[in-house]
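The values are calculated or read from the model by the stated rules, or taken from the named source; none is laboratory data. Remember, it's a predicted structure, so these values are computed and weren't measured experimentally. Because the Cβ atoms are built from the backbone with ideal geometry, glycine has one as well, and the counts that use them run over all protein chains shown. Please note that ligands, DNA and RNA were not included when accessible areas were found on the heavy atoms of the full protein model with its side chains. Shrake-Rupley method; radii C 1.70, N 1.55, O 1.52, S 1.80 Å.
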Amino acid sequence: MKKTSKKKRSFALTALLVLFLLGAYAWYTRPVTLPALYPMLKPEQCTQIQGYYEIGMQPEQSKFTITKDSAEFERLWDLFYDQSYRRSLKDLLPRGTRIHRTEEDDFQWTVDVLFEDIAFPDGSTGSGTILSFTYWYGTFELFFDGETHIYRVPEPERWAAQVLAIIQ
């Protein structure tokens, strides 16, 4: 009788652990928008978008700058601001060196978003490149306030190509 009780208790604890882990996974990878992630970043405080891109095997990166009063600025801002992001479990693992064998149709880009007078949660303020998005051959990273996180987006190839079409 005592063996059965121990088995039941062990099974119940295992089931609770599995439910807890599934719940933690669902919470960690839930879709969130940029305003939910960083509510202190207001579109009106954004001053400029700049960065670089590389397509295929071009010899060097192409730089771009988009001013706030341009149509490209609004389209690019909307692509980032309205997107839903899901944190990846890869984010929990240490990052090492990465390499990629470039093909003709491959591309990568980095988009830096410059802001003026952003109030951070710790009470400090900052200006300059506060937010940075990087698409590196299929991997999407978001950099904010000294931290880089790996995110997933719906239809990542299509979305990354839309961003590339605007910044070219």
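Report the residue count in region 117-143 for those that are aromatic (Phe, Trp, Tyr), open to solvent by 20 Å² or more (accessible area, probe 1.4 Å) and part of a strand (DSSP E or B).
Residues that pass the stated criteria total 2.
In this structure, is Ala160 at pLDDT 85 or above, farther than 17 Å from Leu41 by Cβ and open to solvent by less than 50 Å² (accessible area, probe 1.4 Å)? Talk me through it step by step, then tell me what you get.
On the way: at pLDDT 85 or above: yes; farther than 17 Å from Leu41 by Cβ: yes; open to solvent by less than 50 Å² (accessible area, probe 1.4 Å): yes.
For Ala160, the condition - at pLDDT 85 or above, farther than 17 Å from Leu41 by Cβ and open to solvent by less than 50 Å² (accessible area, probe 1.4 Å) - is met.
Could we say that Leu114 is in a strand (DSSP E or B) and open to solvent by less than 50 Å² (accessible area, probe 1.4 Å) here? Steps first, please.
Values: in a strand (DSSP E or B): yes; open to solvent by less than 50 Å² (accessible area, probe 1.4 Å): yes.
Spelling it out, Leu114 is indeed in a strand (DSSP E or B) and open to solvent by less than 50 Å² (accessible area, probe 1.4 Å).
Restricting attention to region 111-138, report how many residues are within 22 Å of Leu89 (Cα to Cα) and either at pLDDT 85 or above or over 20 Å from the mean Cα position of the chain (by Cα) (or both).
Qualifying residue count, region 111-138: 6.
Looking at the structure I just gave you, is Asp106 more than 30 Å from Ala24 (Cα to Cα), in contact with a Gly (Cβ under 8 Å, 6 or more places away or on another chain), modelled with pLDDT under 85 and surrounded by 12 or more Cβ atoms within 10 Å (Cβ to Cβ)?
Spelling it out, Asp106 is indeed more than 30 Å from Ala24 (Cα to Cα), in contact with a Gly (Cβ under 8 Å, 6 or more places away or on another chain), modelled with pLDDT under 85 and surrounded by 12 or more Cβ atoms within 10 Å (Cβ to Cβ).
Find all pairs meeting these conditions: Cβ atoms under 8 angstrom apart; at least six residues apart or on different chains; first residue within region 60-74 and under 11 Å from Thr47 (Cα atoms) and touching a residue at least 60 places away in the same chain (Cβ under 8 Å); second residue surrounded by 13 or more Cβ atoms within 10 Å (Cβ to Cβ) and charged (D, E, K, R).
Every condition considered, the pairs that remain are Ile66/Glu72.
Identify the residue in region 24-42 that is modelled with pLDDT of 85 or more and assigned to a helix (DSSP H, G or I) and, among all such residues, is farthest from Val113 (Cα to Cα).
Result: Ala36.
In region 75-84, how many are loosely packed, with under 14 Cβ neighbours inside 10 Å and more than 22 Å from Phe120 (Cα to Cα)?
1
Any residue at all in region 23-37 that's surrounded by 13 or more Cβ atoms within 10 Å (Cβ to Cβ), farther than 28 Å from Tyr137 by Cβ and touching a residue at least 60 places away in the same chain (Cβ under 8 Å)?
No - not one qualifying residue is present in region 23-37.
When you go through (1) in contact with a helix residue (DSSP H, G or I) (Cβ under 7 Å, 6 or more places away or on another chain); (2) assigned to a helix (DSSP H, G or I); (3) at pLDDT below 90; (4) not hydrophobic (A, V, I, L, M, F, W, C) one by one for Arg75, which number turns out not to apply?
(3)
Pick from region 43-72 the residues that are acidic (Asp, Glu) and either outside any helix (DSSP H, G or I) or at pLDDT below 90 (or both): which of them is least open to solvent (accessible area, probe 1.4 Å)?
Of everything passing the filter in region 43-72, Glu54 is least open to solvent (accessible area, probe 1.4 Å).
Quick one: which residue in Arg87, Arg95, Arg101 is touching a residue at least 60 places away in the same chain (Cβ under 8 Å) and open to solvent by 50 Å² or more (accessible area, probe 1.4 Å)?
Every option except Arg87 fails the conditions.
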